[in-house]
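Where a number appears in this text, it was derived from the coordinates with a stated rule and is not lab data. These figures come from a predicted structure and were not determined experimentally. Every residue, glycine as well, gets a Cβ built from its backbone with ideal geometry; the counts of neighbours run over all protein chains shown.
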Amino acid sequence: MPIMEHGFKWARVSLGLAVCLSALLLYMRPVVSEDAGGHEEHGEKSEKSWESKPYAPVESCVDCHEDKVKQMGLTKHGNKMDPRTPWAKHECQSCHGPMGEHVDAGGGKETVNRAFGKDSPLSAEEKSEVCLTCHEKGKQALWKRSIHAGKGLACTDCHNPHNSNPRHLKAEVEMNLCFTCHTDVKNDIKKTSHHPIREGKITCTNCHNPHGTLGPHNLSALRVNEKCYECHAEKRGPFLYEHRPVVEDCTICHRPHGSSHMKLLVRKSPYLCNSCHTGSQHRSQPRTINPATPGTNSWQRLAQIQAVYKGCQNCHPAVHGSNHASGKYFLR
């Protein structure tokens, strides 16, 4: 009998704990309002506010924005047969949001859910977020950590989804778009020695990914040298005798966009070499003729073994590295 009473006691305790736990879970459950269409009142709603607004037929957009709709039809975005495109979903409203209220109000910027112009109330991050709903992989995967995003630029500062230019750029020629901000590069490519950018043989995006990379300067490579080696593979090595600045960074000696000196050099030779090599006890050091020698004058007293217009590469042609057994000084 005592054993039975002990069992009933534990049963009552277990029942009490179960009731308390049920009451606690019921208290913590978020309150649901029927007027909200099943959405939770506590915490964030499962839908954004603009998604709950009514959509309008695309014909309503044509009435006022016929030119924009026609332009969109000429682009990849306007291909209704491709289920990945905005036009296959809600046409214009895939990017601008539902426009039922905008149409009912007879137009007006204040009723537009998402505008992308200069007067848009959206931040640069909010504008780009619309594009990233589709373009979030590949070359755009690192956009949020890119230099351009950090400077407060949005996708629509460089792209216009309504035009038919390559990659929807705002300029027909890629470099002209980049030069609106990078004026220093625009000046460099006009110099005597330059990469063939202005000739159209290469473009900015051959070396850079404006949407963000893991490398410096938005380069589409982890290191400067790796990008240079894509075209200048003969400079890659490894060499038996390596020139240290070559292994470290090509831009120590070269300006990649353009220079006033031959071969994109930062300085004219031999002054570039002298920035590291002092030339002490080198044969190229100036030699002064004895002024007491008959027939000498001022220019003869300043004569040098290294003649005018000569540079270090005249004797050290393998400046990027040498595999020759006697190439310690890059002579061959």
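Observations, loosely collected:
- Close amide H contacts of residue 142 (hydrogens built in the peptide plane, cut-off under 5 Å, sequence separation of 5 or more or a different chain): none are found.
- Take each peptide in 250-258, 166-174, count the other Cβ atoms within 10 Å of every residue, and average; sorted highest first, the result is 250-258, 166-174.
- Electrostatic dipole magnitude of segment 92-206 [Cβ: Lys, Arg +1; Asp, Glu -1; Cα centre; debye, to 20]: 600
- Residues whose placed amide H lies under 5 Å from that of residue 261, excluding near-sequence neighbours: 193
- For the residue pairs 118/190; 80/151; 68/127; 89/127; 191/227; 139/190, alpha carbon separations beyond 24 Å are given by 118/190; 80/151; 139/190.
- Counting beta carbons within 10 Å around each of 139, 53, 109 and listing the fewest first gives the order 109, 139, 53.
- Pairwise label distance in nanometres, residue 171 with residue 252, each label 7 Å out on the Cα-Cβ vector: 3.4
- For 128, 164, order by how many other beta-carbon atoms lie within 10 Å, fewest first: 164, 128
- Loop GluC sites (Glu not before Pro), segment 125-164 (other Cβ atoms within 10 Å of the site Cβ: 12 or fewer; DSSP): 136
- Based on C-alpha pairs under 8 angstrom that are at least 6 apart in sequence, segment 57-113 has a relative contact order of 21 percent.
- Note on segment 244-268 and segment 142-220: Cα centroid distance 22 Å, given to the nearest whole angstrom.
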